[in-house]
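Scroll down for the structure; my scribbles are underneath it.
Derivation of every value follows stated rules applied to the coordinates shown; laboratory data play no part. Given the structure is predicted, the values throughout are model-derived calculations rather than measurements. Positions of Cβ are backbone-derived with ideal geometry, glycine not excepted, and every protein chain shown enters the neighbour counts.
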Amino acid sequence: MKQLKGVGIGAGYFSPFQYEAWTRIPEVEITALCNRDAEKARPYMKKYGIQRHYTDYREMIEKEKPDFVDIITPPETHLEMTKFAADRDIDVICQKPLAPTFKEGKKIVEYATKTGIRFMVHENWRFQPWHREIKKLILNEEIGKVHFMNWRKRMGDGWGENAYIPRQPYFREYPRLIVYENGIHFIDTFRYLGGEIKRVFAWLKKLNPVIAGEDFALVNFEFENPDLLAVWDANRYNEPNYENPRLTFGEFQVDGTKGTIRLYSSGKITIQKLGEKEKEHQYEMQPINFAGDCVYTTQRHFIDCLLNGNEFETNGPDYLKSLAVQEAVYKSAETGMPENTREFKV
């Protein structure tokens, strides 16, 4: 079995999910992590068996000479880190948001492509087990031809004076929030399930005055498939009644010519054929790590593709298509008009 050496950059809120998942991939050894605060990094090193710590990612990459780098840092750092790794022919898996702007995201992808490294965006939403299963049901035409998808999300972590402070306080300062930080997940998964999106019509609002960006979004999507439409109805202000609001992050419904697929907040999937009662659909789902163990599945996909040479689902050029939809959403909200995603060249 071929062994791949990896290093991680970052020790923030989400990084433990990624470091834990690496421990369950036998072809991988994470030999070092980089973080400015050694005290913050030490518990992760002990828990996940990481041998060395660095405060400078450049020094770490030069000394460790890894096969790949896992970038788990804020988006404004991703371009320089990807360039540094790419110049040394080191493959990269990079957290989202990919970059602060669409233009900078294109620079990252173009540089990775030019240097020939393998580059994947850590976009784990489409790898959640319920979305993988719904994709199978759609392909098998369990409800006929799909014509409408509706996603409703309420987070309840963004109201009041202390919004976001306990977990991710930097959200308060983002000039763009719900679409840029979280909505991109749903955009990418809509593309995964329904194909390419050609036009959007969006309404964005700020419900909590103490934050900088928008925390409410209502977005209509038109797909290249002329028979398919979708709606994303989301806010981080109002509270859900879910037992675990961070499992499925909402409720999802897919309507087809022969019936409906429903995803519940518990991860339960049901199918209701026209003229019949709703029935639960059994599938394999592990409610561990993060959102159905999707971090592990994402990273397993990354390693499998490194080893077998197949293309990543969320490679750079493909992910720019999701970012183009994101930009069209913001432009539509600004102009009050539908916006074509093709205006943002990828």
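Label-to-label distance, Gln3 versus Lys83, with points set 7 angstrom from Cα along the beta-carbon direction: 3.4 nm. Restricting the trypsin sites (Lys or Arg not before Pro) of segment 20-55 to loop positions (DSSP other than H, G, I, E, B) with no more than 15 neighbouring Cβ atoms within 10 Å leaves Arg24, Arg36. Placing a label point 7 Å from the Cα of Glu243 along the Cα-to-Cβ line, the residues of segment 139-168 whose backbone N sits under 20 Å from it are 153-156. Over segment 88-186, the fraction of Cα-Cα pairs per 10 Å bin, rounded to whole percents and listed from the shortest bin up, is 11, 30, 30, 24, 5. Counting only C-alpha contacts under 8 Å and six or more residues apart, can you give the relative contact order of the chain as a whole percent? Taking the mean separation of contacting Cα pairs over the length of the chain, I get 17 percent. With a cut-off of 11 Å on the backbone N, no residue of segment 284-298 is near the modelled label site 7 Å out from Ser266 along Cα-Cβ. Distance from the Cα centroid of segment 231-301 to that of segment 1-30 is 27 Å (rounded to whole angstrom). Take the Cα of Gln51, step 7 Å toward its Cβ, do the same at Leu274, and the gap between the two points is 6.3 nm.
Sorted from largest to smallest, which semi-axis lengths in Å does the alpha carbon gyration tensor of segment 1-103 give for its equivalent ellipsoid, taking the root of 5 times each eigenvalue?
Largest first, segment 1-103 gives 20, 16, 13 Å.
Cβ crowding within 10 Å, taken as a proxy for footprinting-reagent exposure, orders Thr248, Thr115 from fewest neighbours to most as Thr115, Thr248. Here segment 267-346 is treated with +1 on each Lys and Arg Cβ and -1 on each Asp and Glu Cβ, and its dipole about the Cα centre works out to around 160 debye.
Remark: the chain carries a charge dipole of roughly 120 debye about the Cα centre, counting +1 on each Lys and Arg Cβ and -1 on each Asp and Glu Cβ. In terms of other Cβ atoms within 10 Å, Cys34, Cys305, Cys94, Cys294 run from fewest to most in the order Cys305, Cys294, Cys34, Cys94.
Number of Lys-Lys pairs in segment 14-130 with C-alpha atoms under 22 Å apart and a separation of 8 or more places or on different chains: 17. Can you tell which of Pro169, Gln286, Tyr180 lies farthest toward the positive end of the dipole of the chain, using +1 and -1 charges on the Cβ of basic and acidic side chains (Lys, Arg; Asp, Glu)? Checking the options against the dipole of the chain, the answer is Gln286.
This ranking places Val231, Val109, Val329 by how few other beta-carbon atoms lie within 10 Å of each, fewest first, which gives Val231, Val109, Val329.
Using a Förster radius of 35 Å, what is the FRET efficiency between Lys40 and Glu311 based on their Cβ-Cβ separation? Nearest 0.05, please.
Efficiency at R0 = 35 Å is approximately 0.50.
All other residues whose Cβ lies under 15 angstrom from that of Met45 are scored, Lys and Arg at +1 and Asp and Glu at -1, for a net of 0.
Assigning unit charges at the beta carbon (Lys, Arg +1; Asp, Glu -1) and nothing else, what dipole magnitude in debye, to the nearest 20, does segment 13-52 show about its Cα centre?
With Lys and Arg at +1 and Asp and Glu at -1, about 160 debye.
Cα extents for the chain along the principal axes, largest to smallest and rounded to whole angstrom: 63, 46, 40.
Computed over neighbours whose Cβ is under 12 Å from that of Leu193, the net charge equals +2, Lys and Arg +1, Asp and Glu -1. Across segment 286-346, the relative contact order, built from alpha-carbon pairs under 8 Å that are at least six residues apart, equals 22 percent.
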